[in-house]
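Note sheet for the following structure.
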Amino acid sequence: MNVAILCIILSVTATISLKAQVGRIIYTTNSGQLAIAWSPQGDRLAFGGYDGILTLWDVAADSVISTIHASTGAINSIAWRPERNEIGYGSGDAIGIWNTASGAVTELHGNDKPVNCITWSPNGKLVACAGGHGRKSFRIWDAEQQQQLLALDTTFDGTGCNDNVVAWEPGGNGILAAGGCGWMGIRYDPTAGTELGHLDTWFNNESLHASIRSLTFSPDGTEFATGHFTNLINIYDAATLTIKRQVYADSDNYEHVLAWSPSGTLLADGNRDGIIRIFDARTMVLLHAFPAHYGGVTSITWSPDGKRMATCGNNFMVKIWDAETLTSSVAGPVVGESMMSIEPNPVRERLHIHFAGISPGNTTLLLTDTRGTVVLAAGHEMHGMAGEDVMMDLAGIPSGMYVLTAQLPGGRIVRRMLEVLH
């Protein structure tokens, strides 16, 4: 099956900043972290990753409460069970359920692996998962009886789909599952345990532009957002399943992960470029952008009161951010980062920057640390060629994480996150 991918550069005029955001590193692990979730009470975090270790963290005490090691491999997804001290997780072919009070672990096996995502029904009785490449990669379980209730065929022309995400709408009346062939929606009554019928099924739909990586509902359940393996982010009306808003995010690194704030006003987006972007969910105007995790952001979760945000990534770190400062800004129009590439990354003594499709004129280059302090500045005269290369000497720059900002002719700005190693 051929999927057409469009390369589109977005130009947005908004007040955004890569300054004044320093996430507090609360934990450094021995492997990349894939999932993180804040407890409904807001006092604990759960996170896990490639090493199969699921960690329970005390937010106030800044310490580990306990850990378990999944018998089925990497922890791909985490979801707290409503009204209980239990954490659900997806790993291998299993949905794991960890009772954090007793320490007991229950595993529901027989799902297509890997289980990429799990979600609980609002009453906490049912758990759904999505994943794998087979014909029955979307499933619903009765967690109390440990019984599988539904295995949904997600094939298209006989080809199995790799379902990446599943989300239960806050009202509990339906589930939306997203996969490599597009997306599908079904209605399922969590109280009676009966399927009410399919809402719709779209495969290889042009509005989706390839596979869905992330799906999140607005707190009131009236809308849901999808992040794709392209620059695309869609906002849907949950009742009519029509696209209400759409944006091509400012990145040439895909695999967007999304998280809607508890207030419903903000939508957080992270992806492989390591930068988190905060959008006004009502307009999809970009409000803020800041570097978070070198190697890519893999998961984002908001605290229940919306005052903090926790993230994890491929750089082995778990961070907490002060969400109340996410609107601090410095004015400046922004364009797609695909106009500026860095080879290699990480870099050592010499930074090689390649520009594509730049108009003639002077370009200012600023290298700043993650606190926004300028450590190197340079100017370059662009000649308007198809591709131009610029070199910067980094011999005197300490090892660490930096943001390269280029103010291009015409006032446009592009940014890339990079790591310096000596």
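Looking only at residues of the range 307-325 that are assigned to a strand (DSSP E or B) and of a type in the set (Lys, Arg), we find that the one that is farthest from Trp260 (Cα to Cα) is Lys319.
Looking at this structure, is Asn123 over 20 Å from the mean Cα position of the chain (by Cα) and either open to solvent by 40 Å² or more (accessible area, probe 1.4 Å) or over 16 Å from Trp141 (Cα atoms) (or both)? Give the derivation first.
On the way: over 20 Å from the mean Cα position of the chain (by Cα): yes; either open to solvent by 40 Å² or more (accessible area, probe 1.4 Å) or over 16 Å from Trp141 (Cα atoms) (or both): yes.
Taking the combined requirement at face value, the residue satisfies it.
Quick check, is Val318 out of contact with any Lys or Arg (no Cβ under 9 Å at 6 or more places or on another chain) and of a type in the set (A, V, I, L, M)? Taking the combined requirement at face value, the residue satisfies it.
Yes/no matrix, rows are residues, columns are (1) open to solvent by less than 20 Å² (accessible area, probe 1.4 Å); (2) hydrophobic (A, V, I, L, M, F, W, C); (3) outside any loop (DSSP other than H, G, I, E, B); (4) modelled with pLDDT of 80 or more:
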{"site": "Ile235", "(1), (2), (3), (4)": "yes, yes, yes, yes"}
{"site": "Thr240", "(1), (2), (3), (4)": "no, no, no, no"}
{"site": "Arg245", "(1), (2), (3), (4)": "no, no, yes, yes"}
{"site": "Ser251", "(1), (2), (3), (4)": "yes, no, no, no"}
{"site": "Tyr254", "(1), (2), (3), (4)": "no, no, no, no"}
{"site": "Ala259", "(1), (2), (3), (4)": "yes, yes, yes, yes"}
{"site": "Pro262", "(1), (2), (3), (4)": "no, no, no, yes"}
{"site": "Ala268", "(1), (2), (3), (4)": "yes, yes, yes, yes"}
{"site": "Asp273", "(1), (2), (3), (4)": "yes, no, no, no"}
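Among the criteria (1) surrounded by fewer than 17 Cβ atoms within 10 Å (Cβ to Cβ); (2) in a strand (DSSP E or B); (3) at pLDDT 90 or above, the one Pro304 does not fulfil is (2).
Filter the range 130-150 down to the residues that are modelled with pLDDT of 90 or more and open to solvent by less than 40 Å² (accessible area, probe 1.4 Å) and list them by number. So that I can check it myself, show each step before the final result.
The first filter runs over the range 130-150 and keeps only residues modelled with pLDDT of 90 or more, leaving 141-148.
Selection gives Trp141, Asp142, Ala143.
Restricting to the range 234-243, give me the number of residues that are in contact with a Phe, Trp or Tyr (Cβ under 8 Å, 6 or more places away or on another chain) and closer than 15 Å to Leu267 by Cα. Let's see the steps before the verdict.
Initially, the range 234-243 is screened for residues in contact with a Phe, Trp or Tyr (Cβ under 8 Å, 6 or more places away or on another chain), giving 235-236, 238, 242-243.
Of the ones still in play, those that are also closer than 15 Å to Leu267 by Cα are 235-236.
Count: 2.
For the range 258-286, a residue qualifies if it is in contact (Cβ under 8 Å) with a residue 60 or more places away in the chain, under 15 Å from Trp302 (Cβ atoms) and aliphatic (A, V, I, L, M), and the qualifying residues are Leu266, Ala281. For the range 49-78, a residue qualifies if it is in a strand (DSSP E or B) and surrounded by 15 or more Cβ atoms within 10 Å (Cβ to Cβ), and the qualifying residues are Gly49, Ile53, Leu54, Thr55, Leu56, Trp57, Ile68, Ser77, Ile78. Among the residues of the range 275-300, those identified as assigned to a loop (DSSP other than H, G, I, E, B) and open to solvent by less than 20 Å² (accessible area, probe 1.4 Å) are Ala281, Met284, Ala292, His293, Gly296.
Scanning the range 79-98 for residues that are open to solvent by 20 Å² or more (accessible area, probe 1.4 Å) and in a strand (DSSP E or B) turns up Trp80, Glu86. Residues of the range 376-388 include none that is within 29 Å of the chain's Cα centre (by Cα) and at pLDDT 85 or above.
Do we have any residue at all in the range 166-178 that's in contact with a Lys or Arg (Cβ under 6 Å, 6 or more places away or on another chain), at pLDDT 85 or above, surrounded by fewer than 24 Cβ atoms within 10 Å (Cβ to Cβ) and closer than 22 Å to Arg81 by Cβ? Step through it out loud before you land on a result.
Taking the range 166-178 and keeping what is in contact with a Lys or Arg (Cβ under 6 Å, 6 or more places away or on another chain), we get 174.
From the residues that got through so far, the ones that are at pLDDT 85 or above too are none.
Checked the range 166-178: no residue is in contact with a Lys or Arg (Cβ under 6 Å, 6 or more places away or on another chain), at pLDDT 85 or above, surrounded by fewer than 24 Cβ atoms within 10 Å (Cβ to Cβ) and closer than 22 Å to Arg81 by Cβ.
Can you name every residue in the range 353-375 that is modelled with pLDDT of 85 or more, more than 30 Å from Trp321 (Cβ to Cβ) and open to solvent by 60 Å² or more (accessible area, probe 1.4 Å)? Residue satisfying the conditions is Asn362 alone.
Take the conditions (1) modelled with pLDDT of 75 or more; (2) open to solvent by less than 10 Å² (accessible area, probe 1.4 Å); (3) not in a strand (DSSP E or B); Ala46 misses just one of them, which is (3).
The values are calculated or read from the model by the stated rules, or taken from the named source; none is laboratory data. Since the structure is predicted, the reported quantities are computational estimates derived from the model, not experimental observations. Virtual Cβ from ideal backbone geometry, glycine too; neighbours counted across all protein chains shown. We work out accessible area using only protein heavy atoms, side chains counted, and drop any ligands, DNA or RNA first. Shrake-Rupley method; radii C 1.70, N 1.55, O 1.52, S 1.80 Å.
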